[in-house]
Amino acid sequence: MEMRVVAGSFKGRPLLTPPGCRTRPTAGKVREAIFSSLMAETPGSVWLDLFAGSGAMGIEALSRGAAYCFFADDDRLAWAVIRKNLATLGLGPDRARLFKADAEKACALIAAEHGQIISVAYLDPPYGDQDLYGAALALLPALLAPEGLVVIEHRRDWQPVLPWAWPLKTREYGRTGVSYYRKGRV
């Protein structure tokens with residue numbers, strides 16, 4: 001599957017995707033819609049692309065002015081693809097860090113080293129694994145800056161629940177739902 005960066009300083013640049021069906025890259029029109037709604041949030045922000053797959057979401061954020069992005073995926077093929085995509089675009093340790101780790105380990109490392117640094121956390125776990133969604137979402141309060149934003153891609157027919165965040169909106173694109181939450185007391 002061929003993907004390209006939608007906008008920003010890397011606009012039009014091709015991105016590799018992991019082979020096979022273990023990952024589900026976010027379609028370009030969905031990425032564009034997400035970033036259109038995050039225009040004010042992205043410049044200067046620190047991102048977390050959890051279950052990163054190809055790294056397309058974090059790379060799109062960096063292309064659009066995010067200051068830094070943490071990428072995490074425990075699949076070795078996805079990790080290798082993200083590493084190649086970052087290298088091809090010249091994104092080094094001053095702009096990005098890649099963890100070959102599951103969500104729990106990556107989040108624990110980021111929290112231990114940086115505390116509540118994440119402005120925007122983007123999660124796209126395998127659809128249908130609600131336990132994985134729940135486990136990953138429980139890790140985020142220790143990483144998110146006050147009033148940090150969480151963007152979750154999920155099946156259209158299921159809505160994630162974050163007891164520690166305000167639900168902002170949910171948009172639907174075919175079988176995909178994208179929900180936005182703001183950290184804070186509910």
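Explain nothing, just the number: relative contact order of the stretch 1-102, from Cα pairs under 8 Å at least 6 residues apart, as a whole percent. All intermediate terms of the calculation are to be shown ahead of the outcome.
Numbers: 184 pairs, mean separation 27.4, N = 102.
Answer for the stretch 1-102 is 27 percent.
Summarising the amide proton neighbourhood of residue 15: residues at separation of 5 or more, or on other chains, whose placed amide H is nearer than 5 Å comprise 3, 4, 5.
Only lysines eight or more places from residue 100 in sequence, or on another chain, were considered; those with a Cα closer than 20 Å are 84.
Counting only other residues whose beta carbon sits under 15 Å from that of residue 157, what net charge do I get with K and R as +1, D and E as -1?
On the way: positive: 155, 156, 171, 175; negative: 129, 153, 172.
So the surrounding residues net to +1.
Global size of the chain: 14.8, 42 Å for Rg and Dmax (C-alpha atoms, Rg to one decimal, Dmax whole).
Straight Cα distances below 20 angstrom link residue 169 to the aspartates and glutamates 32, 41, 49, 124, 147, 153, 157, with same-chain residues fewer than 8 positions distant left out. With 0.36 nm allotted per residue and the present C-alpha distance subtracted, the residue 147-residue 108 stretch has 12.1 nm of extension available.
Rounded, prolate or oblate, given the Cα gyration tensor of the stretch 76-142, with a/c below 1.5 counting as rounded? In terms of gyration-tensor shape, oblate.
Springs join every pair of Cα atoms under 10 Å in this Gaussian network model of the chain, and among 51, 35, 70 the largest mean-square fluctuation is at 35.
The stretch 36-113 gives an Rg/Rh value of 0.95, both radii derived from C-alpha positions and Rh following Kirkwood. Arranged from fewest to most other beta-carbon atoms within 10 Å of their beta carbon, 88, 17 become 88, 17.
The relative contact order of the chain, computed from alpha carbon pairs under 8 Å that lie at least 6 residues apart in sequence, is 17 percent. Put in line by how crowded their Cβ is, counting other Cβ atoms within 10 Å and starting with the fewest, 3, 39 read 39, 3.
Every read-out reported here was derived from the displayed coordinates using simple, explicitly stated rules and does not represent laboratory data. Predicted model only: the values in this text are computed from it and were never measured. For neighbour counting, all protein chains shown are included, and Cβ atoms are generated from backbone atoms with ideal geometry for every residue, glycine included.
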